[in-house]
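First comes the structure, then the notes that go with it.
The values are calculated or read from the model by the stated rules, or taken from the named source; none is laboratory data. This is a predicted model, so every value here is computed, not measured. Here Cβ is always computed from backbone atoms with ideal geometry, including for glycine, and neighbour counts include all displayed protein chains.
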């Protein structure tokens with residue numbers, strides 16, 4: 001191998017693996033539409049990287065072209081405007097920011113305002129997974145995600161870097177999608193790579209799916225945990241439901257009797273008119 005561009009390409013590949021952006025070289029090859037065996041030959045120095053492979057890798061993983069071709073700048077193209085504001089405690093440990101319904105209306109307009117986030121409630125959780133990365137907690141509003149999520153539930157989410165959206169968003173999982181005007185909790189089908197958009201689904205079949213353009217998305221959060229208010233025991237809920245059904249049956253029975261009486265009266269009147 002005598003191509004310095006190939007050497008930098010391999011460095012970028014190794015960096016993506018070390019930071020867990022990709023799990024394996026095979027995944028990397030498939031993501032850019034390249035044969036894993038051919039990629040393996042490049043990584044072993046048996047051949048130079050084709051320009052088309054470079055182009056796809058730059059597009060898919062936001063590799064920095066200046067670094068690959070000139071050796072200047074960072075390996076990954078910077079995206080400073082999409083780093084979420086974090087709140088830390090006195091030990092410089094990151095806290096989970098809780099965004100209640102009342103704060104969600106202004107959330108998309110205050111993504112870079114430190115004071116906005118410092119005024120919101122924060123908390124921490126002992127699980128190890130919450131000690132890594134940035135997390136948010138959002139209130140759930142409305143009934144569009146029933147029966148999975150109900151109004152009043154809270155979802156805890158992990159931040160997804162914009163550079164990872166095309167390959168990290170998993171189809172049919174639940175995400176919080178932030179735009180300028182909305183904080184949406186939806187199930188997602190990822191169409192960013194081919195159509196530069198996401199298709200959003202509600203679990204409540206009353207609501208139709210719809211498309212949101214990738215350029216309208218400000219933040220994406222992967223829902224990992226839900227917190228629900230305590231509910232009565234299933235037996236109590238079942239008993240209450242049976243009682244309501246019995247009342248409904250009684251009401252329907254009374255209405256059926258009234259309808260039958262009305263039909264009988266109509267038949268008598270018809271017979272009387274015929275005998276005249």
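Examine the range 31-52 for a residue that is over 30 Å from residue 154 (Cβ atoms), under 25 Å from the mean Cα position of the chain (by Cα), part of a loop (DSSP other than H, G, I, E, B) and outside the structural domain of residue 114 (by TED's automatic domain parsing), and state whether such a residue exists. Spell out how you get there, then give the answer.
We begin by selecting, within the range 31-52, every residue over 30 Å from residue 154 (Cβ atoms); these are 31-52.
Still in the running and under 25 Å from the mean Cα position of the chain (by Cα): 31-32.
Next, from what is left, pick out any that are part of a loop (DSSP other than H, G, I, E, B): 32.
With outside the structural domain of residue 114 (by TED's automatic domain parsing) added as a condition, the list becomes 32.
Yes, some residue in the range 31-52 is over 30 Å from residue 154 (Cβ atoms), under 25 Å from the mean Cα position of the chain (by Cα), part of a loop (DSSP other than H, G, I, E, B) and outside the structural domain of residue 114 (by TED's automatic domain parsing).
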Task: Selection from the range 218-243 of residues that are modelled with pLDDT under 75 and surrounded by 10 or more Cβ atoms within 10 Å (Cβ to Cβ) - done: 232, 236, 237, 238, 239, 240, 241, 242, 243
Task: Whichever residue in the range 86-107 is under 19 Å from the mean Cα position of the chain (by Cα) and surrounded by fewer than 16 Cβ atoms within 10 Å (Cβ to Cβ) and, among such residues, is modelled with the lowest pLDDT - done: 105
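Within the range 65-85, work out how many residues are under 24 Å from residue 160 (Cβ atoms) and either surrounded by fewer than 12 Cβ atoms within 10 Å (Cβ to Cβ) or under 30 Å from the mean Cα position of the chain (by Cα) (or both). Steps first, answer last, please.
As a first pass, look at the range 65-85 and keep what is under 24 Å from residue 160 (Cβ atoms): 65, 67, 73-85.
Now restrict to residues that are either surrounded by fewer than 12 Cβ atoms within 10 Å (Cβ to Cβ) or under 30 Å from the mean Cα position of the chain (by Cα) (or both): 65, 74-85.
Adding up the residues that qualify gives 13.
In the range 54-79, what residues are under 13 Å from residue 8 (Cα atoms) and outside any loop (DSSP other than H, G, I, E, B)?
Of the residues in the range 54-79, the ones under 13 Å from residue 8 (Cα atoms) are 54, 57-58, 63-76.
If the condition is that a residue be under 13 Å from residue 8 (Cα atoms) and outside any loop (DSSP other than H, G, I, E, B), then 54, 57, 58, 63, 65, 66, 67, 68, 69, 70, 76 are the ones that fit.
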TODO: Might you check whether a residue that is closer than 25 Å to residue 168 by Cα, part of a loop (DSSP other than H, G, I, E, B) and either at pLDDT below 85 or in contact with a helix residue (DSSP H, G or I) (Cβ under 6 Å, 6 or more places away or on another chain) (or both) occurs anywhere in the range 8-17?
DONE: no
Open item on the list: Looking at (1) modelled with pLDDT of 80 or more; (2) loosely packed, with under 10 Cβ neighbours inside 10 Å; (3) assigned to a loop (DSSP other than H, G, I, E, B), which one does residue 207 not meet, given that it meets all the others?
Closed with: (2)
Open item on the list: Quick check on the range 189-200: of everything there that is without any contact (Cβ under 8 Å) to a residue 24 or more places away in the chain and farther than 23 Å from residue 100 by Cβ, which residue is surrounded by the fewest Cβ atoms within 10 Å (Cβ to Cβ)?
Closed with: 194
TODO: Please determine, by comparing only the residues of the range 27-64 that are in contact with a helix residue (DSSP H, G or I) (Cβ under 8 Å, 6 or more places away or on another chain) and without any contact (Cβ under 8 Å) to a residue 12 or more places away in the chain, which one is surrounded by the fewest Cβ atoms within 10 Å (Cβ to Cβ).
DONE: 35
